[in-house]
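Visitor: Take this structure, written in structure tokens, and hold onto it; I'll ask about it next.
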Amino acid sequence: MAQLKPGSRWTSSVCDTEVIVVKGPPDEVELTCGGVTMVAAGEEPAAGALDDSASEGTLLGKRYVDDGDTMEVLCTKPGTGSLGADGASLQLKEAKPLPASD
Amino acid sequence: MNLMMLLEMAVGGFGDRVAFGPADGGLTVGELYKRAGAAAVHFRRADVEHVAMVDVTSIALPISLFGAAWAGLPFVPVNYRLPDEELHSLLDRVAPAVAVVEPSAASRADGREGITVLLRPDFLEQVVGSQGSEADWVMDGEETAVLLFTSGTTGEPKAAVLRHRHLVSYILGSVEFMGAGEDEAALVSVPPYHVAGIAAILSNVYAGRRVVQLPTFEPGAWVGLVRSESVTSAMVVPTMLTRIVDYLAAEEPDGPGLPTLRSLSYGGGKMPQPTIERALELFPTTRFVNAYGLTETSSTVALLGPDEHREAVTAADSAIRRRLSSVGRPLPTVEVSIRDDGTELPPGRPGEIWVRGDQVSGEYRGLAARLTEEGWFPTHDGGWLDDDGYLFVTGRIDDVIVKGGQNISPGDIEEVLLGHPAVADTAAIGLPDEQWGERIVAVVVLHTGATATSEDLKEAVRAELRSNRTPDHVAFVDELPYSETGKLLRRVLRDDLAHLGDGSTPRAGGSEQQ
């Protein structure tokens, strides 16, 4: 379990996936990739193996949210595992692009 | 968070795409990354505290912006057009620094203590093929990414601090990663020292959109580049759009037009409504975006989108038509509140615009933080929200004319005068008046060949606004003073027309809009 602060980065323990927290949930959650706990960037990976039921992969630059829309992470490096929080899988967030203004 | 995270993602997603320059032979995202790494090595070796840039926009801008982020040094673009004395004073404030300098400005930057001058051509040569740095940038969002000097009217310019977390939050909140098609190209003509010049680099790199740079704005060159480079989007300040519209209007009626230009964004000052209406006519298929933002907010905080433009211009309802002169609604990641002395005002009531969001810095080096405890940034801009949340900006609060104890917004008077067929451009200013505090002077530029008397124009204002808004004087001039980035220089006007006041002591002036 960890508090996901906006701007904090998390690394998969079983694949190349890295994410940055865009919106943090109010409470601590267990963030997983490939079914195994993700660790703060730079820390040693947690023990475990990629769970086949969580192996759809992550896509670079895509956002992922939980069902209640309490948290959002952005994939900064893609990998083979898929994301979850407290046992429920995170969903790809549909983009509603803003018009370019710069 | 570090700006380099954005570039690293771009390399991972589309490293072979051209990021800067011509579609054929431009600098790819992958090459930009390598050169930024090489630049970081140079910057670190120089053992300095800042990376300054005294230059027009060029390929050296993204390389040194990302290179500085990589090296952990704040990037400080300064206005290369400043008079020597002001340029020297700014350089002294960032010393010790490496300064990437355009060759013609070399003699002006040379010899300042603590400034290592790196001529742009030499810099560009050094970063090709030289050994890059490991991917060892610091991911601390609190580090300063960019310092931008804001133009004050009195005293030293303030250095606005944009930290990595502000700029990265802005990009993540407003730009879709790889959201641009491979055929898209953005034309950037704002200089590096303008916040939009920095934001344009970051947002287009992250979106995967090729950037074409125009070092010095000139309408013919701008139109020429749109055509030769098949430009699909561009950002302009109001003075640029006025000149582009005039240029195109003078071309053959069945001329080539700008068929590739899908999107045109404007901001950085108040757009005269006649200009935007003419532009909508001249570019029937282009999607227009009006963006409002400040240096201290990492660029855009509100925008009026393409559909809202077309809807407003064809609306029968005057409240909807009026939105053409609004800056649209806040970004989803930004809150806007209208305040009077800190108290929130309801829709329709004018007050000071406050903004809040992760991209909002509101911080100046060496000065106490301007953010309130709740994270709001009082912008010093006046404005109001309509019932549907559209934001109308009336101008800098410091530009408000105080006559007989009444606050009068110059924007209201200017809007009426711009609706007069003879008026091409105008500014309302307050000049000292013993009896009233200030008197209203309307400074007017007439269209070529058009005529109107002072009395005609006073009458036009009297017919629309309360009588205390009627100008006391109308001064006719050939043109109004604008900065290179399209900001009306009211201070210059007040100085030039000081003789129209009665010589009593003027009230203290404030700052200018960014």
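Visitor: What whole number of Å gives the distance from the Cα centroid of region B:241-288 to the Cα centroid of region A:38-90?
Guide: First find each Cα centre; the distance between them is then 46 Å.
Visitor: According to the Cα gyration tensor, what semi-axes, each the square root of 5 times an eigenvalue, does the equivalent ellipsoid of chain B have, listed from largest to smallest in whole Å? Don't jump to the answer; show the numbers that get you there.
Guide: Numbers: eigenvalues 293, 139, 100 Å².
Equivalent ellipsoid of chain B: 38, 26, 22 Å, largest first.
Visitor: Each residue of region B:344-352 in order: what ³J(HN,Hα) in whole Hz does its phi give by Karplus 6.51 cos²θ - 1.76 cosθ + 1.60, θ = phi - 60°, with x for Gly and Pro?
Guide: Using θ = phi - 60°, the values come out as 5, 9, x, x, x, 9, x, x, 8 Hz.
Visitor: State the percent of C-alpha pairs, over all pairs in region B:400-500, separated by a distance greater than 17 angstrom.
Guide: Working: 2402 of 5050 pairs.
Beyond 17 Å sits 48 percent of the P(r) for region B:400-500.
Visitor: Please report, in debye to the nearest 20, how large the charge dipole of region B:400-500 is about its Cα centre when each Lys and Arg carries +1 at its beta carbon and each Asp and Glu carries -1 there. Each step should come with its number before you reach the end.
Guide: Details: 10 positive and 17 negative charges, 59 e Å.
So the magnitude is around 280 debye.
Visitor: Please compute the Kirkwood hydrodynamic radius over region B:160-199, one decimal place, Å, based on all pairs of different Cα atoms.
Guide: Details: mean 1/r = 0.0835 Å⁻¹.
Result for region B:160-199 stands at 12.0 Å.
Visitor: Could you grab the relative contact order for region B:3-174? Cα pairs under 8 Å, six or more apart, rounded to a whole percent. Present the calculation step by step, with values, prior to reporting the outcome.
Guide: Values: 302 pairs, mean separation 37.5, N = 172.
Value for region B:3-174: 22 percent.
Visitor: Projected onto the charge dipole of chain B (+1 at Lys/Arg Cβ, -1 at Asp/Glu Cβ, origin at the Cα centre), which of B:Val445, B:Ser107, B:Ala234 gives the Cα projection farthest towards the positive end?
Guide: B:Ala234
Visitor: A:Ser55's amide H: which non-local residues (gap 5+, or another chain) put their own amide H closer than 5 Å, with H modeled 1.01 Å from N in plane and none for Pro or chain starts?
Guide: So A:Ser55 has HN proximity to A:Ser82.
Visitor: Sort region B:37-141 into rounded, prolate or oblate with this rule: let a ≥ b ≥ c be the square roots of the eigenvalues of the Cα gyration tensor; rounded if a/c is under 1.5, and if a/c is not under 1.5, prolate when a/b is larger than b/c, oblate otherwise.
Guide: Working: a/c = 1.96, a/b = 1.51, b/c = 1.30.
Prolate, since a/c reaches 1.5 and a/b exceeds b/c.
Visitor: While we're looking at this one, here's another question. To the nearest 20 Debye, how big is the dipole of chain B about its Cα centre, given +1 on the beta carbon of each Lys and Arg and -1 on that of each Asp and Glu? Intermediate results must be reported in sequence, preceding the final value.
Guide: On the way: 43 positive and 73 negative charges, 58 e Å.
About 280 debye.
Visitor: Could you tell me which of A:Thr80, A:Gly24, A:Leu60 has its Cα farthest along the dipole of region A:9-90 towards the positive end, charges placed at Cβ (Lys, Arg +1; Asp, Glu -1), taken about the Cα centre?
Guide: Of A:Thr80, A:Gly24, A:Leu60, it is A:Leu60.
Visitor: Roughly how much of A:Asp69 is accessible, in Å² to the nearest 10, using a 1.4 Å probe?
Guide: Here the accessible area works out near 80 Å².
Visitor: Whole percent per 10 Å bin, from 0 to the bin with the longest distance: what is P(r) over all C-alpha pairs of chain A?
Guide: Calculated P(r), rounded to whole percents: 17, 53, 24, 5, 1.
Visitor: Between B:Asp246 and A:Glu44, how many nm apart are label points set 7 Å from Cα along the C-beta direction?
Guide: According to this spin-label approximation, the distance is 7.0 nm.
Visitor: Filter the GluC sites (Glu not before Pro) in region A:1-34 to those in DSSP coil with at most 14 other Cβ atoms within 10 Å of their Cβ, and list the result. Could the numbers behind the result be given before it?
Guide: On the way: sites: A:Glu18, A:Glu28, A:Glu30; in loops: A:Glu28, A:Glu30.
Of the GluC sites (Glu not before Pro), the ones in loops of region A:1-34 whose Cβ has at most 14 other Cβ atoms within 10 Å are A:Glu28, A:Glu30.
Visitor: Report, to the nearest whole %, how much of the accessible area of region B:3-174 belongs to carbon and sulfur atoms, 1.4 Å probe, protein only. Show your work: numbers first, answer last.
Guide: On the way: 2950 of 6400 Å².
Of all accessible area on region B:3-174, carbon and sulfur atoms account for 46 percent.
Visitor: If you take every DSSP beta bridge whose two residues both sit in chain B, what share of them, in percent to the nearest 5, is antiparallel?
Guide: 55
Visitor: Can I ask one more? Report, for region B:425-508, the % of DSSP beta bridges that are antiparallel, rounded to 5. If you can, show how the numbers build up before the last one.
Guide: Working: 10 of 14 bridges.
Within region B:425-508, antiparallel bridges account for around 70 percent of the total.
Visitor: Read phi for every residue in region B:486-502 and hand back ³J(HN,Hα) as whole Hz from Karplus 6.51 cos²θ - 1.76 cosθ + 1.60, θ = phi - 60°, with x for Gly and Pro.
Guide: Ordered by residue, 3J(HN,Hα) equals x, 8, 5, 8, 5, 4, 5, 4, 4, 5, 5, 9, 3, 5, 7, x, 9 Hz.
Visitor: Of the DSSP beta bridges with both residues in the protein assembly as shown, give the percent that are antiparallel, rounding to the nearest 5. Could the numbers behind the result be given before it?
Guide: Details: 70 of 105 bridges.
Taking every DSSP beta bridge with both residues in the protein assembly as shown, the antiparallel ones total about 65 percent.
Visitor: Only loop residues by DSSP count here, and only those with at most 14 other Cβ atoms within 10 Å; note down the GluC sites (Glu not before Pro) in region B:208-304 that meet that. It would help to have the intermediate numbers written out before the result.
Guide: On the way: sites: B:Glu229, B:Glu251, B:Glu277, B:Glu281, B:Glu296; in loops: B:Glu229, B:Glu251.
The qualifying sites are B:Glu251.
Visitor: Name the helices (complete DSSP H segments) of chain B with a Cα length along the long axis of 30 Å or more and a Kyte-Doolittle mean of at least 0.5, or state none. Before the final figure, lay out the partial values.
Guide: Working: long enough: none.
Answer set is empty.
Visitor: Could you give the longest part of chain B that holds none of the trypsin sites (Lys or Arg not before Pro) found in DSSP loops with at most 15 neighbouring Cβ atoms within 10 Å?
Guide: Details: sites that count: B:Arg81, B:Arg365, B:Arg466, B:Arg507.
In chain B, the maximal stretch lacking such sites is B:82-364.
Visitor: Still on this structure, I have one more. Can you list residues from other chains, or at least 5 along the same chain, whose modelled amide H is less than 5 Å from the amide H of B:Met53?
Guide: B:Val76, B:Val78, B:Val100
Visitor: Could you order A:Met1, B:Met178 by accessible surface area, starting with the largest, using a probe radius of 1.4 Å?
Guide: Numbers: A:Met1 135, B:Met178 85 Å².
Descending order: A:Met1, B:Met178.
Visitor: Tell me which GluC sites (Glu not before Pro) from region B:336-431 have a DSSP coil assignment and no more than 12 other beta carbons within 10 Å of their own.
Guide: Working: sites: B:Glu344, B:Glu352, B:Glu363, B:Glu373, B:Glu374, B:Glu414, B:Glu415; in loops: B:Glu363, B:Glu373, B:Glu374.
Answer in residue order: B:Glu373, B:Glu374.
Visitor: So, one more: Name the residue from B:Gly395, B:Ile413, B:Asn468 whose Cα lies farthest towards the positive end of the charge dipole of region B:380-514, charges +1 on Cβ of Lys and Arg and -1 on Cβ of Asp and Glu.
Guide: Result: B:Asn468.
Visitor: Any idea of the accessible area per residue across region B:400-500, 1.4 Å probe, to the nearest Å²? Please report the intermediate quantities before stating the final value.
Guide: Details: 4810 Å² over 101 residues.
Ligands and nucleic acids excluded, the result is 48 Å² per residue.
Visitor: Just how large is the dipole of region B:3-174 about the Cα centre, in debye to the nearest 20, putting +1 at every Lys and Arg Cβ and -1 at every Asp and Glu Cβ? Show your work: numbers first, answer last.
Guide: Working: 13 positive and 22 negative charges, 56 e Å.
Around 260 debye, computed over region B:3-174.
Visitor: Next question. Report the relative contact order of region B:253-370, percent, no decimals, based on alpha-carbon pairs under 8 angstrom and at least 6 residues apart.
Guide: Working: 156 pairs, mean separation 22.4, N = 118.
Over region B:253-370, the number comes to 19 percent.
Visitor: For chain B, what does the helix formula give at 222 nm: sum of -39500 (n - 2.57) over DSSP H segments with n ≥ 4, over the residue count, nearest 500 deg cm²/dmol? List each step's numbers first, then the result.
Guide: Working: 16 runs with 159 residues, N = 514.
That calculation yields -9000 deg cm²/dmol at 222 nm.
Visitor: Amide H to amide H, which residues 5 or more places from B:Gly268 or on other chains are under 5 Å from it, using H placed in the peptide plane?
Guide: It is B:Gly293, by chain and number.
Visitor: Once phi is turned into θ = phi - 60°, what whole-Hz ³J(HN,Hα) does the Karplus curve with 6.51, -1.76 and 1.60 give for every residue of region A:52-62, x standing for Gly and Pro?
Guide: Values, residue by residue: 4, 6, 10, 10, 7, x, 10, 10, 4, x, 8 Hz.
Visitor: From Cα pairs below 8 angstrom and at least 6 apart in sequence, can you work out the relative contact order of chain B, rounded to a whole percent? Intermediate results must be reported in sequence, preceding the final value.
Guide: On the way: 1086 pairs, mean separation 56.1, N = 514.
Relative contact order comes out at 11 percent.
The values are calculated or read from the model by the stated rules, or taken from the named source; none is laboratory data. Quick caveat: nothing in here was measured; it's all calculated off a predicted structure. Here the Cβ is made from the backbone with ideal geometry for all residues, glycine too, and neighbour counts use every protein chain on show. We work out accessible area using only protein heavy atoms, side chains counted, and drop any ligands, DNA or RNA first. Shrake-Rupley method; radii C 1.70, N 1.55, O 1.52, S 1.80 Å.
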